[in-house]
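The values are calculated or read from the model by the stated rules, or taken from the named source; none is laboratory data. This structure is a prediction, so every number in the text was calculated from the model and none was measured. Note: ideal-geometry Cβ built from the backbone for every residue, glycine included; neighbour counts use all protein chains shown.
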């Protein structure tokens, strides 16, 4: 499989924000969101076997024979473009890691093992990739999964608000995340809109971009 980077950091998004986490960023993406902050993962990367990836994750998770980190996120790019994602997940679950996968919503998620926590994007019109969400993913969601909307403007917010209500998303998953596109939408404005409408969603901020320089890789 093609891997852009593997690193240990603080989880910056989802309901797991703030926890130590090992990230496996796979190479390649078939979408081109206008606000994408990981375009460096579109091409290149290093060819690694599933076993090589698992061993690297283990090295990051242990110190002096003691496991310090048990949370792993598989991300990209788009991790579901690579077939080896499935045996990789199986190996990580066998090793008792809690596995999150961040996916664009354009790939079908139903083949993923049930213990995996799917953080699934629903692309808003402002991303430039609207209408790419695979609707059958709504039926494949499990209660511990999470849905994420990245919002670039008020129009995105209103679109996401309607999608939320139409499909009763808050009844399907653990959390629905409304996240402002970094540098595009003021988080305070989004917070005001959520409160004004009384939406059953969680405001999601990219915590790592407040800790480190937003352009820093490997964090």
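Listed values, structure above:
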| read-out | value |
| --- | --- |
| Some residue of the stretch 162-180 being farther than 30 Å from residue 112 by Cα and either surrounded by fewer than 17 Cβ atoms within 10 Å (Cβ to Cβ) or over 15 Å from the mean Cα position of the chain (by Cα) (or both) | no |
| Selection within the stretch 190-207 - out of contact with any helix residue (DSSP H, G or I) (no Cβ under 9 Å at 6 or more places or on another chain) and in a loop (DSSP other than H, G, I, E, B) | 198, 204, 206, 207 |
| For residue 54: the one exception among (1) more than 20 Å from residue 217 (Cβ to Cβ); (2) assigned to a loop (DSSP other than H, G, I, E, B) | (2) |
| Residue 7 vs. criteria buried (at least 19 other Cβ atoms within 10 Å of the Cβ) and either outside any helix (DSSP H, G or I) or at pLDDT 95 or above (or both) | no |
| Search result, residues across the stretch 29-45 that are touching a strand residue (DSSP E or B) at 6+ places or on another chain (Cβ under 6 Å) and under 16 Å from residue 101 (Cβ atoms) | 41 |
| Conditions (1) loosely packed, with under 15 Cβ neighbours inside 10 Å; (2) closer than 20 Å to residue 218 by Cα; number of the one not met by residue 26 | (1) |
| Identity of the residue in the stretch 10-28, touching a helix residue (DSSP H, G or I) at 6+ places or on another chain (Cβ under 7 Å) and more than 21 Å from residue 59 (Cβ to Cβ), that ends up modelled with the lowest pLDDT | 12 |
| Among the candidates 74, 81, 88, 112, residue that is under 18 Å from the mean Cα position of the chain (by Cα) and farther than 30 Å from residue 164 by Cβ | 88 |
| Of all residues making up the stretch 29-51, the number that are closer than 23 Å to residue 202 by Cβ and either part of a strand (DSSP E or B) or in contact with a helix residue (DSSP H, G or I) (Cβ under 7 Å, 6 or more places away or on another chain) (or both) | 2 |
| Residue match in the stretch 208-215 (condition: assigned to a loop (DSSP other than H, G, I, E, B) and touching a strand residue (DSSP E or B) at 6+ places or on another chain (Cβ under 8 Å)) | no |
| Residues of the stretch 59-82 satisfying the condition of being more than 28 Å from residue 107 (Cα to Cα), surrounded by fewer than 16 Cβ atoms within 10 Å (Cβ to Cβ) and modelled with pLDDT of 95 or more | 59 |
